[in-house]
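First up is the structure itself, then whatever we jot down about it.
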């Protein structure tokens with residue numbers, strides 16, 4: 001992101017500035033936690049990076065490509081194939097099994113093939129959910145449901161994984177376990193990871209940390225060796 005700015009018309013004229021010149025670069029295998037109070041623009045920033053919203057000005061490049069230069073159909077394909085999302089609420093379909101929920105990501109990108117089913121099973125196994133593939137969301141714990149959501153986000157091998165308060169609905173122990181899992185995924189070098197959170201404990205698990213202040217992203221020092 002370079003010079004990212006987002007503003008909305010303000011009552012009575014003028015503009016309400018949410019983001020004011022945000023710059024950040026993240027490479028494969030890097031992780032960044034974004035902190036800030038409610039209303040600071042964290043979710044707006046994540047929505048723009050995820051191509052769900054457009055910036056007022058500035059540049060976003062993912063894999064060297066400007067997604068906002070694409071038409072809407074191409075942008076939807078780009079989003080489905082390059083970006084994975086994990087939200088505070090898992091957003092699993094209650095009528096679908098854990099395996100089917102993971103495979104939904106493939107439906108957004110094309111047909112589901114036999115090798116996709118094998119990959120989905122492998123991801124669930126990796127998330128510690130082996131043997132739970134045929135369980136429905138109501139048969140899973142909160143932490144298990146969120147791990148299914150992570151598997152779904154990884155299904156299409158995204159270059160970028162975006163997490164918006166991924167542990168917000170979990171107890172402390174379960175949230176820590178999920179945070180450690182996300183940090184490990186980034187360290188494996190599969191994807192770049194950005195996590196928006198209010199939790200300092202969660203933020204401390206990632207390699208880089210930044211705070212949104214007055215519309216700007218200010219990176220904070222982290223402990224050496226992290």
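Out of all the residues in the stretch 94-110, is one or more surrounded by 19 or more Cβ atoms within 10 Å (Cβ to Cβ), assigned to a loop (DSSP other than H, G, I, E, B) and in contact with a helix residue (DSSP H, G or I) (Cβ under 8 Å, 6 or more places away or on another chain)? The answer is no, given that none of the residues of the stretch 94-110 is surrounded by 19 or more Cβ atoms within 10 Å (Cβ to Cβ), assigned to a loop (DSSP other than H, G, I, E, B) and in contact with a helix residue (DSSP H, G or I) (Cβ under 8 Å, 6 or more places away or on another chain).
For beta carbons closer than 8 Å, sequence separation of 6+ or different chains, a first residue in the stretch 7-18 that is surrounded by 10 or more Cβ atoms within 10 Å (Cβ to Cβ) and a second that is not in a strand (DSSP E or B), the qualifying pairs are 7/56; 16/10; 17/215; 18/41; 18/44; 18/215.
Does the stretch 209-221 contain any residue that is closer than 29 Å to residue 115 by Cβ and surrounded by fewer than 19 Cβ atoms within 10 Å (Cβ to Cβ)?
At the first step, the residues of the stretch 209-221 found to be closer than 29 Å to residue 115 by Cβ are none.
Checking the stretch 209-221: not a single residue is closer than 29 Å to residue 115 by Cβ and surrounded by fewer than 19 Cβ atoms within 10 Å (Cβ to Cβ).
The numbered conditions (1) at pLDDT 95 or above; (2) assigned to a strand (DSSP E or B) are all true for residue 84 except (1).
The values are calculated or read from the model by the stated rules, or taken from the named source; none is laboratory data. Owing to the predicted nature of the structure, the values given are computational and were not obtained by experimental measurement. Cβ atoms come from the backbone with ideal geometry, glycine included; neighbour counts cover every protein chain shown.
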